[in-house]
1. Starting with the fewest neighbours, write out 48, 256 ranked by other beta-carbon atoms found within 10 Å of each beta-carbon.
2. Fewest Cβ neighbours within 10 Å first, please rank 219, 167 accordingly.
3. Starting from the Kirkwood Rh over alpha-carbon pairs, what translational D in µm² s⁻¹ does the stretch 150-318 have by Stokes-Einstein at 10 °C and 1.306 mPa s?
Amino acid sequence: MCAALPACASVSPASQPPSERISLGILLAGITVTSALAFRARVATQRLGGEIQALRSLVTRQAEELVQAREELAETQRLNALGLLTASLLHDLNNHLSNIRMSNKLISRAVPGHPEVQSRVQVIESSIQQVRGMVESFLGFGQRREEVPRQTDVAAEISGILQLLRDEFLPGLRVSVAVPESAPMAAVHNASFRRILLNLLINACEAMEKQGRLLIQVDFAATMAFGSAVLTPKTAPPWIRLRIIDTGPGIASEHLARLFQPFFTTKHRENRKGSGLGLYIVQTLAAEEGMGLKVSSEPGVGTTFELFLPPAADPDPS
């Protein structure tokens, strides 16, 4: 029935007029070009978005690095200023030590037959000599040293520092020292070891606020848990291990990572006595001496510092 109606006759492309075929071709070509351009635009947009994101990340990273560089520069400037001030103060301190030593000698001569006075005179003389050695070490802090480390009597140095701290820092504390009978000799510079020991002991004493127990242990160690070490020893085992244990308030875990940063302190502001450089100096000197260094702490229980010293191979010929 449909074949009888002209409107229902099928139309083939060949039977279409040329103008319509050309228009249809142009339309299809336009659609193809438009699709290709749209695809390329999407690709370009995605690529541009990635480049913008990478540029943002780069700008953010450079901004963070700039802030860090400024902080490091400010810290370096503070350290340099503090170094100049410290050198000036230590120079004056050396002069005062000379005056104190002269007065001490006059007292010794004026009271020759008094045992207690003479004992105190010897303590003062010993303290003066130790402080002088520390002053010289401070003045040379950060300078490259070429001399070979001398053999240091660890037990004798511990005894000397405890004697120095006896009147001001040790009252109220229970002090225990455990050193083997064959007192070990360490291949470290005497002055550097004294400064490390002095800073660690003062730090422990101040943490306990004149109540608690201070334990100093010396033994030999053949192994070390390097994963928890602040510094790893530069020499092979065995090492002389020095442990300083206090029963103070302990240190929170979030503070342990910053413990050796300059000017950082866990002391309350009203009780703060130092500059926050003690443990920074400990780490710096220990690194120079090739020592190992560890710290562990538990709030409410106490803190333990461990030093791993290279042993001296032979007795000191002097």
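What follows is calculated from the coordinates using simple rules that are stated; it is not laboratory data. Everything numeric in this text was worked out from a predicted model, so none of it was measured. No Cβ is skipped: glycine too gets one built from the backbone with ideal geometry, and neighbour counts run over all protein chains shown.
1. Details: 48 10, 256 16.
Fewest-to-most Cβ neighbours within 10 Å comes out as 48, 256.
2. Working: 219 14, 167 10.
With the sparsest Cβ surroundings first, the list reads 167, 219.
3. Details: Rh = 16.3 Å.
Here the translational diffusion coefficient equals 98 µm²/s.
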